[in-house]
Every structure is written in structure tokens, then in C-alpha cells.
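A.B. asks: I have a structure here, written as C-alpha cells, and I will follow up with some questions on it.
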Amino acid sequence: MNETEGVAPEVESILAAAAEREGGTDRLAVSARSFPAAFAAAESEGRVPVIAEVKPTSPTTDGERDEDPVALAKSMVAGGAAAISVLTEPDHFGGSLDALTAVREAVSVPVLRKDFVLREAQLDAVAADAVLLIARFVDDLPKLVAAARDRGFQPLVEVHSRAELDAALAADADLIGVNNRDLARLEVDLSTFEELAPRVPDDVTLVAESGITSSEDVRRMREAGADALLIGTAVMDGDPEANARRLTTQDQ
């Protein structure tokens, strides 16, 4: 879709940096751990399937966490996280490819690469179990989804609007994330997920992203149809293990 007009200045800066970022020199072949299987395992153990995010900082949060990413990820898994997301965007989120590699080697759950991937070569920068593809910013979404799968990645296609959801489904995405954050104003509205979820086929694994901070938010997104939740700030703000346990516990 590659619709970059009207985005917030912070996002424009992120996209400009992403456009200049090179990819890997060798084509990757990934043996991925399954996100749907991890979500099902969490459900069977009575936990809410949560992808907990290692996020050192972001344009929408205050401060920075500079702890060892591996220690953070391990504590999230100990708290019940079904999977881990690692920011690899270096300029605005403090992420790194090395952090993702170290985390993936240290934990047994699936790991998502969270970044602004715009073209095929950037898929080859680092191995992960899944890679985020933001529908709004990709020129040829079907091609990039297919390229990710050809390498073994599970593409998590992120959408925010009906048009983006339609594009994701047309690209045969079977793992879709609905971002509750409007990238034009950087405002969060959980009703975004509630509006789009009924339009998603049952055979698609659906992830609610952004703005989930409380047990009430967890229940709300689950009742609206979320198979899993991607949670960053609410896990990172304080004790990651305790926060993960609070947000993954169904008996709340």
C-alpha cells in the first residue's frame, strides 16, 4: 500500500531511517517456532496468550530501559508470556539485531522481529520466527508476505483500517495484528480492534496490538476476538515478570 502521507512526524522519521537501512547479504532460511502453536499451548495451560515485547524505548514512551534484553525476555517467559517480540529498529526504539539473536537463542518460545521492514532484502538482516510487516508502508504486500514465507518466517501483517485489513487478506496473511494506535496522530483507541475483528475469517490468527495496559483491557480484547495480545509498555514498565504474570492470568 505504501501510504506514508498523513503520518505523524515521528513516524516519518522512522520510515526515512528504515528506507536507508540495508538488508542482509545472504538469503536466510529459518526454521520457525510456531506462533499459533505457542498460543494454543498457553490456552491449554490456562494463560492468556501474550507476546511480550522487549522495547528499550519508543517515541510514545518516556525514559529508557537499558537492562540486558536476554534477562528481560527470560523474565517475561517466566511470567507466562507465550512469545517474545524484540524491537530491532535502532534509531528510535533502541533496538538491535544482536539483541534479537541473543534472545532467540536464550528462550524456547517463538520470537517476533518488530521493525519497519520495507523491502525484501531487509528480511535477510536477522533470523526470527516471525517478522512484522506493516501493511500501510509496504509497496507490494503479497510479494513481501510470500518472500517472508519463502525464508521460513511467519509474517505478522499489521493493519489499522478496513482497507489495510482487506489488503492483508488479499495477500493471504494468516497471522494478522490490529494496531490500536493511529500512526497519524499516535493516539490509541481499543475500539479499532473491536471494529475490525468481526471482519477477520476464523482461520486467521488475530493479534491485538497497542494500548493494552490493564486486566480490563485484556478481557476486552479477548472478548472482541483476540487470539493473542502484543504488549510492550505495560510489561516493560516495572517488573517484567510480575507484569507478564498479571496480564497472562485469566482468573482476574
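A.B. asks: Just a yes or no: is a residue in segment 3-14 assigned to a loop (DSSP other than H, G, I, E, B), open to solvent by 10 Å² or more (accessible area, probe 1.4 Å), of a type in the set (D, E, K, R) and modelled with pLDDT of 95 or more?
C.D. replies: no
A.B. asks: Can you spot a residue in segment 58-72 that is among the basic types (Lys, Arg) and modelled with pLDDT under 95? Write out each step before concluding.
C.D. replies: Let us first name the residues in segment 58-72 that are among the basic types (Lys, Arg), namely 65.
If we keep only those that are modelled with pLDDT under 95 as well, we get 65.
Checking segment 58-72: at least one residue is among the basic types (Lys, Arg) and modelled with pLDDT under 95.
A.B. asks: Listed residues Arg104, Arg113; which is open to solvent by 30 Å² or more (accessible area, probe 1.4 Å) and touching a strand residue (DSSP E or B) at 6+ places or on another chain (Cβ under 8 Å)? Show your work before the answer.
C.D. replies: On the way: Arg113 fails: open to solvent by 30 Å² or more (accessible area, probe 1.4 Å).
Exactly one of Arg104, Arg113 is open to solvent by 30 Å² or more (accessible area, probe 1.4 Å) and touching a strand residue (DSSP E or B) at 6+ places or on another chain (Cβ under 8 Å), namely Arg104.
A.B. asks: Hey, another quick one. Tally the residues that are loosely packed, with under 14 Cβ neighbours inside 10 Å and either closer than 11 Å to Arg151 by Cβ or touching a residue at least 60 places away in the same chain (Cβ under 8 Å) (or both), restricting the search to segment 18-36. Steps first, answer last, please.
C.D. replies: Filtering segment 18-36 down to residues loosely packed, with under 14 Cβ neighbours inside 10 Å leaves 19-20, 22, 25-27, 29, 31.
Checking which are either closer than 11 Å to Arg151 by Cβ or touching a residue at least 60 places away in the same chain (Cβ under 8 Å) (or both) leaves us with 19, 22, 25-27, 29, 31.
Total satisfying the criteria: 7.
A.B. asks: Any residue in segment 121-134 that is at pLDDT below 95, closer than 24 Å to Glu164 by Cβ and buried (at least 21 other Cβ atoms within 10 Å of the Cβ)?
C.D. replies: No, that holds for no residue.
A.B. asks: In addition: Part of a strand (DSSP E or B), modelled with pLDDT of 95 or more and of a type in the set (D, E, K, R): does that describe Glu43? Show your work before the answer.
C.D. replies: Values: part of a strand (DSSP E or B): no; modelled with pLDDT of 95 or more: yes; of a type in the set (D, E, K, R): yes.
Spelling it out, it is not the case that Glu43 is part of a strand (DSSP E or B), modelled with pLDDT of 95 or more and of a type in the set (D, E, K, R).
A.B. asks: Can you confirm whether Ala38 is more than 17 Å from Val126 (Cα to Cα), among the aliphatic types (A, V, I, L, M) and over 19 Å from the mean Cα position of the chain (by Cα)?
C.D. replies: Values: more than 17 Å from Val126 (Cα to Cα): yes; among the aliphatic types (A, V, I, L, M): yes; over 19 Å from the mean Cα position of the chain (by Cα): no.
Answer is no for this residue.
A.B. asks: Looking at Ser85, Ser96, can you tell me which residue is touching a strand residue (DSSP E or B) at 6+ places or on another chain (Cβ under 9 Å) and open to solvent by 40 Å² or more (accessible area, probe 1.4 Å)?
C.D. replies: One residue alone meets the criteria, Ser96.
A.B. asks: How many of the residues in segment 149-168 are free of Cβ contacts under 8 Å to residues at least 60 places away in the same chain, out of contact with any helix residue (DSSP H, G or I) (no Cβ under 6 Å at 6 or more places or on another chain) and either closer than 18 Å to Leu229 by Cβ or surrounded by 18 or more Cβ atoms within 10 Å (Cβ to Cβ) (or both)? Spell out how you get there, then give the answer.
C.D. replies: Of all residues in segment 149-168, those free of Cβ contacts under 8 Å to residues at least 60 places away in the same chain come to 149-150, 155, 157-162, 165-166, 168.
Of the ones still in play, those that are also out of contact with any helix residue (DSSP H, G or I) (no Cβ under 6 Å at 6 or more places or on another chain) are 149-150, 158, 160-162, 166.
Okay, now just the ones that are also either closer than 18 Å to Leu229 by Cβ or surrounded by 18 or more Cβ atoms within 10 Å (Cβ to Cβ) (or both), so 158, 160-161.
Here the count works out to 3.
A.B. asks: Here is a follow-up. Just for segment 174-221: of the residues that are touching a residue at least 60 places away in the same chain (Cβ under 8 Å) and over 17 Å from the mean Cα position of the chain (by Cα), which one is farthest from Ala146 (Cα to Cα)? Write out each step before concluding.
C.D. replies: First, the residues of segment 174-221 that are touching a residue at least 60 places away in the same chain (Cβ under 8 Å): 175, 181, 183-186, 205, 207, 218.
So of that shortlist, the ones also over 17 Å from the mean Cα position of the chain (by Cα) come out as 184-185.
On the way: Ala184: 28, Arg185: 31 Å.
Filtering segment 174-221 for residues that are touching a residue at least 60 places away in the same chain (Cβ under 8 Å) and over 17 Å from the mean Cα position of the chain (by Cα), the one farthest from Ala146 (Cα to Cα) comes out as Arg185.
The values are calculated or read from the model by the stated rules, or taken from the named source; none is laboratory data. These numbers come from a predicted model, not from an experiment. Reconstructed Cβ throughout: ideal geometry from the backbone, glycine too, with neighbour counts over all protein chains shown. For the accessible areas, the whole protein counts, side chains as well, though only heavy atoms, and no ligand, DNA or RNA atoms are used. Shrake-Rupley method; radii C 1.70, N 1.55, O 1.52, S 1.80 Å.
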